[in-house]
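S.K.: To start, I am sharing the structure in question, which I have written as structure tokens.
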Amino acid sequence: MTYFTKYLKENEELIAVVKGHPLVYFKPALIAIILLLLPFFLMFLLFKWETMGLIVFFALVAIGILAVIKLMVIWTGNACLITDKRVVLLKQYGFFEKQMSEAELGEITGVSFRIKGLFESVFRYGSIRLQLTESIKPMIISKVTNPKEIQELIQKLKSNL
């Protein structure tokens with residue numbers, strides 16, 4: 001939680017940090033792990049190729065390490081911060097691309113959640129939609145665990161204003 005305190009304003013209290021469901025990151029994690037382990041399965045074949053094999057081996061290891069680091073950066077950077085005064089949505093797309101959206105609790109006119117499909121129903125994750133007064137387009141917090149509880153938390157904080 002200390003990582004996210006830099007996004008808080010003065011006299012603002014962090015109530016919750018909402019992260020994406022781990023199942024959402026399963027496919028990218030599987031690809032990253034395969035990229036990291038593949039050169040070790042091909043090691044004997046690659047080492048027979050001498051210098052060219054070593055270059056290919058270390059290139060594949062480097063690509064695997066970068067894929068794992070990118071996944072960790074995205075996992076860490078994607079979050080929704082719910083404070084006593086606002087909702088802050090942080091989206092990390094890669095190493096050098098980040099987006100931050102925020103909405104004051106007073107600007108939120110409606111909060112709804114959506115659980116769609118078999119996987120979302122079974123594993124209890126979904127999306128939260130925040131309708132804002134000044135915007136036609138809603139703020140969507142996607143693929144989070146227990147969206148109903150988060151919706152209730154936002155509504156409770158909104159009613160306490």
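S.K.: Scan segment 78-109 residue by residue and report those that are closer than 19 Å to Lys9 by Cβ and not in a strand (DSSP E or B).
M.R.: The answer is Asp84, Lys85, Leu105, Gly106, Glu107.
S.K.: Yes or no: Gly64 under 24 Å from Ile33 (Cβ atoms) and outside any loop (DSSP other than H, G, I, E, B)?
M.R.: Yes; evaluated as a whole, the condition is true for this residue.
S.K.: Kindly establish whether Phe58 is under 28 Å from Met100 (Cα atoms) and out of contact with any Lys or Arg (no Cβ under 7 Å at 6 or more places or on another chain).
M.R.: Against the criterion (under 28 Å from Met100 (Cα atoms) and out of contact with any Lys or Arg (no Cβ under 7 Å at 6 or more places or on another chain)), Phe58 does not qualify.
S.K.: In segment 69-91, which residue that is in contact (Cβ under 8 Å) with a residue 40 or more places away in the chain and of a type in the set (Val, Ile, Thr) is farthest from Leu23 (Cα to Cα)?
M.R.: Among residues in segment 69-91 that are in contact (Cβ under 8 Å) with a residue 40 or more places away in the chain and of a type in the set (Val, Ile, Thr), the one farthest from Leu23 (Cα to Cα) is Thr83.
S.K.: Still on this structure, please answer the following. Among Ser121, Ser135, Ser112, Ser127, which is the only one that is surrounded by fewer than 18 Cβ atoms within 10 Å (Cβ to Cβ), part of a helix (DSSP H, G or I) and of a type in the set (Gly, Ala, Ser)?
M.R.: None of the other options fit; the residue is Ser121.
S.K.: Testing Thr51 on (1) of a type in the set (Val, Ile, Thr); (2) surrounded by 14 or more Cβ atoms within 10 Å (Cβ to Cβ); (3) without any contact (Cβ under 8 Å) to a residue 12 or more places away in the chain, one condition comes back false. Which one is that?
M.R.: (2)
S.K.: Being without any contact (Cβ under 8 Å) to a residue 40 or more places away in the chain and touching a Ser or Thr at 6+ places or on another chain (Cβ under 9 Å) is the filter here; which residues of segment 1-21 pass it?
M.R.: Selection gives nothing.
S.K.: Just checking, how many residues over segment 1-30 are assigned to a helix (DSSP H, G or I) and either in contact with a strand residue (DSSP E or B) (Cβ under 8 Å, 6 or more places away or on another chain) or loosely packed, with under 14 Cβ neighbours inside 10 Å (or both)?
M.R.: 12
S.K.: From the list Gln99, Gln92, exactly one residue is under 30 Å from Ile33 (Cα atoms), surrounded by 12 or more Cβ atoms within 10 Å (Cβ to Cβ), modelled with pLDDT of 90 or more and among the polar types (S, T, N, Q). Which is it?
M.R.: Result of the check over Gln99, Gln92: Gln92.
S.K.: Can you find even one residue in segment 34-53 that is basic (Lys, Arg), more than 30 Å from Gln155 (Cα to Cα) and touching a Gly at 6+ places or on another chain (Cβ under 9 Å)?
M.R.: No.
The values are calculated or read from the model by the stated rules, or taken from the named source; none is laboratory data. This one's a predicted model, so the numbers in the text were calculated from it and none came from an experiment. Because the Cβ atoms are built from the backbone with ideal geometry, glycine has one as well, and the counts that use them run over all protein chains shown.
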